[in-house]
Amino acid sequence: MTASKQPNGASNKTVQKKPMTALRLQRIAGLVLALFLLVVVVFLSLMIGSKPLSMNVVWDALFSSDSNSYDYAIIHESRLPRTIIALAVGPAFGLAGAVIQALTRNPLADPGILGVNAGAAFAVALAVGIFSMTSMSSYIWFALAGALITTIAIYFIGAGAGRKSPTPEQITLAGVAMAAALNGITTALSLIDSRAFAGLLSWRVGSIARKGLEDLGTITPFLVVGTLLAFMIAPALNTIAFGDDRASSLGVNVNLTRILGLISITLLAGGATAIAGPIVFLGLMVPHLVRWFIGPDQPWIFLYSLVIAPLILLLSDIIGRVVISPGEIPVGIITGFVGAPILLILMRRRKTIGL
């Protein structure tokens, strides 16, 4: 009897391993496809604009030493910097959204809805309007501090006077209220001193245009550290999805995970907002789109978010360039148009709410 059961047991183990292997291969294949599409969109970003350029012209401008040509100037002074910035801030917003959804177990959370971007933008507005700071290196610290303080405030406001962790609904309501208040104050500051805020007009609605790579160099260390922290806590976030008590019983330090998660969100959302402004809905859309395809596995969700987020951001930026050509619509407005319908769909589909 025992001998006859062993082959069956081995057979069952083999059957159980096959779906996992197939799922892993499917995820890897999907990631490779997403990377390929990202490369395609990067080249489209270099080709499409008020003056369309062919692939050959783009290629020659990228690797040509003729810096006096007009095409060379278009690529190196405008399209290449904004494309590289999108490749940096897109993953930051997408990953920040994935972390905050997993940390709060709230699928409708993102740095925009929960007011994290608004907090960073408000702090930058204070730096510009009151302290007359205009360089990225000077007000980056304000953006990070604003994101951190807002994140902590929303968590405790959602919890109220109780000692228990706030529910996803409480955090969402607290975040929406905080974002509305901070956006109102930021708008008031810009109206009081419109001259000081003239250069930040497009930044306030989210824009990756007319940014220099030196600005990107200022925030890159913050984005890298935030990304590393996110992947460090990703396995623990998988366990926390079953509840704090269950996670603690399995050896997860829930408090430490939350602290590292808050730091990661602050660095990612604060740093990205400092250079690109409060781009909305990107952190909400990307984790949901990824979760539909690969399921609730945080390391894979984080990895996919790093690729899908810049893909969507670049596509939105391209749309913004051509829809009213030769003028442009800031990318933050385009992501708002795309993200609002997705939010409505998520509210109507109950099965997408679970993490």
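The values are calculated or read from the model by the stated rules, or taken from the named source; none is laboratory data. Everything quoted here is computed from the prediction, not taken from an experiment. With ideal geometry, Cβ positions are generated from the backbone for all residues, glycine too; neighbour counts draw on all protein chains shown.
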Among residues of the stretch 132-166 being β-branched (V, I, T) and at pLDDT 90 or above, the residue farthest from T186 (Cα to Cα) is I149
Within the stretch 309-337, residues being touching an Asp or Glu at 6+ places or on another chain (Cβ under 6 Å) and under 23 Å from I113 (Cα atoms) number 2
Restricting attention to the stretch 109-131, the residues that are hydrophobic (A, V, I, L, M, F, W, C), at pLDDT below 85 and under 19 Å from the mean Cα position of the chain (by Cα) number exactly 3
Margin query: Being buried (at least 22 other Cβ atoms within 10 Å of the Cβ) and either in contact with a Gly (Cβ under 6 Å, 6 or more places away or on another chain) or among the basic types (K, R) (or both): is that true of A309 here?
Written below: yes
Residue pairs qualifying under the 6 Å Cβ cut-off, at least six apart or on distinct chains, with the first in the stretch 49-61 being farther than 23 Å from V331 by Cβ and in contact (Cβ under 8 Å) with a residue 12 or more places away in the chain and the second being of a type outside the set (K, R) and in a loop (DSSP other than H, G, I, E, B), are none
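Residues are listed down the side, and each one gets a yes or a no for (1) over 25 Å from A127 (Cβ atoms); (2) within 22 Å of the chain's Cα centre (by Cα); (3) of a type outside the set (S, T, N, Q); (4) not in a helix (DSSP H, G or I):
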{"residue": "W203", "(1), (2), (3), (4)": "no, yes, yes, no"}
{"residue": "L228", "(1), (2), (3), (4)": "yes, yes, yes, no"}
{"residue": "V252", "(1), (2), (3), (4)": "yes, no, yes, yes"}
{"residue": "G261", "(1), (2), (3), (4)": "yes, yes, yes, no"}
If you go through S65, S138, the only one that is out of contact with any Lys or Arg (no Cβ under 8 Å at 6 or more places or on another chain), assigned to a loop (DSSP other than H, G, I, E, B) and either touching a residue at least 12 places away in the same chain (Cβ under 8 Å) or more than 23 Å from T335 (Cα to Cα) (or both) is S65
Review point. Mind checking whether some residue in the stretch 288-297 is at pLDDT 90 or above, among the hydrophobic types (A, V, I, L, M, F, W, C), surrounded by 13 or more Cβ atoms within 10 Å (Cβ to Cβ) and in a loop (DSSP other than H, G, I, E, B)?
Key: no
Here the residues within the stretch 211-235 that are surrounded by fewer than 16 Cβ atoms within 10 Å (Cβ to Cβ) and farther than 11 Å from I275 by Cβ are P221, V224, V225, L228, M232, P235
From the option list S305, S325, single residue qualifying as in contact with a Pro (Cβ under 7 Å, 6 or more places away or on another chain) and farther than 15 Å from V338 by Cβ is S305
